[in-house]
1. Can you name every residue in the stretch 159-218 that is surrounded by fewer than 20 Cβ atoms within 10 Å (Cβ to Cβ), under 19 Å from Tyr140 (Cβ atoms) and within 12 Å of the ligand (Cβ to nearest atom)?
2. Tell me the residue from Val55, Val47, Val95, Val91 that is in contact (Cβ under 8 Å) with a residue 24 or more places away in the chain and of a type outside the set (Asp, Glu), please.
3. Within the bounds of the stretch 196-214, is there any residue that is assigned to a helix (DSSP H, G or I), under 25 Å from Lys340 (Cβ atoms) and touching a Gly at 6+ places or on another chain (Cβ under 8 Å)?
4. Just the residues that are of a type in the set (Val, Ile, Thr) and either within 20 Å of Val47 (Cβ to Cβ) or assigned to a helix (DSSP H, G or I) (or both), please, taken from the stretch 77-110.
5. Keeping to the stretch 134-158, report how many residues are surrounded by 20 or more Cβ atoms within 10 Å (Cβ to Cβ) and either within 16 Å of the ligand (Cβ to nearest atom) or of a type in the set (D, E, K, R) (or both).
6. If Thr112 satisfies all but one of (1) away from the ligand (no atom under 16 Å from the Cβ); (2) surrounded by fewer than 17 Cβ atoms within 10 Å (Cβ to Cβ), what's the number of the condition it fails?
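Nothing in this text is a laboratory measurement; each read-out follows from the coordinates by a stated rule. All figures in this text were calculated on a predicted structure; none of them were measured in a lab. Positions of Cβ are generated from backbone atoms using ideal geometry, with glycine treated the same way; all protein chains shown enter the neighbour counts.
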Amino acid sequence: MTVRALASLLLLAASSALAAVPAQNALEPHGVQALAIHDLWRLTLLVCTLVFAAVLAAFLYAIWRAPRSKERTAPDVAVLDQPEPKLRRPVVIGVAVSAVLLVVLIVADFVTERRLAHLPLKDAVRIEVTGHLWWWGVRYLDDEPSRMFSTANEIHVPAGKPVILKLNSADVIHSFWAPSLHGKKDLIPGRTALLHFRTDKPGVYRGQCAEFCGFEHALMAFTVVADPPEQYEAWAARQRQPAPAPVTDLQKQGLAVFMRSTCAMCHAIAGTEAGARLGPDLTHLASRSMIASGTLPNTRQYLAAWILDPQRFKKGANMPPTPLSAQDLNALMAYLETLK
Ligand code: CUA
């Protein structure tokens with residue numbers, strides 16, 4: 001496959017992906033936390049703009065009032081005998097203003113930090129997010145183990161309810177960043193970091209790994225879908241269910257293909273014998289809008305192309321190519337489409 005063909009394919013994928021998930025934007029805060037960060041950003045921008053404008057104005061003024069001289073003008077040696085002009089006042093004022101502005105920013109920073117830390121966490125949804133090269137493992141925690149479930153790359157949360165994310169990594173350092181909801185937080189192997197957020201506005205929010213983590217760092221996106229609470233509960237109830245058993249012969253054949261090919265060595269489908277955890281959980285794959293960690297829209301064509309040759313879309317991804325006959329692929333697709 002030529003580079004050009006690959007580029008056009010990626011472009012196509014990107015444009016469809018954009019259609020499926022709105023672009024991320026830190027300047028459009030939709031979370032309680034993102035709003036606090038945005039306020040701090042606006043204040044910092046205002047202060048820095050004013051300081052920049054003041055410095056620029058002083059600079060232009062200095063140029064304007066500097067004595068003009070021509071090439072042939074004799075050097076003005078008279079000034080050498082005069083005492084240096086007193087700069088004490090402007091320096092004192094400059095230092096004082098800078099100090100006051102810095103204190104203002106430090107206080108604002110402190111206040112923002114407090115706002116971020118004081119999100120009420122009663123009845124919070126607890127989700128464990130694990131960074132992998134290059135996808136996101138998502139596990140919904142619960143005091144009752146039977147109510148826990150796993151998914152990948154698409155995180156549903158109830159709007160108006162706090163969410164506690166437990167972040168960790170399976171390999172290298174990643175960073176979880178959904179700009180409309182909260183600031184960044186690193187996922188460090190061997191450590192658990194906590195991130196709290198709440199959004200009161202139902203919607204789809206794009207997120208992205210924000211720490212360079214290797215070749216496909218740029219293709220390590222995710223989506224946070226904030227559902228109205230009752231819709232979220234219905235979604236969670238569906239996700240807790242194991243995958244439905246295949247009904248038609250084609251679907252049954254598809255499951256058999258899944259089990260005997262390399263798929264079952266890395267992926268889990270609850271309700272079947274596939275229980276590997278190296279790749280994303282596929283129990284409800286068909287319910288997700290994107291595949292390959294926000295890289296491609298979850299359509300039959302893209303999914304099939306991805307299964308046959310993931311490296312075509314994501315070089316260096318750990319998923320190997322799966323050469324399948326057209327018949328096997330067709331059966332596999334028929335089965336995967338039942339995983340709603
Ligand atoms: Cu994971 Cu960058």
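1. Ala170
2. The conditions single out Val47.
3. no
4. Val79, Val91, Val92, Ile93, Val95, Val97, Val100, Val103, Val104, Ile106, Val107
5. Residues that pass the stated criteria total 9.
6. The failed condition is (2).
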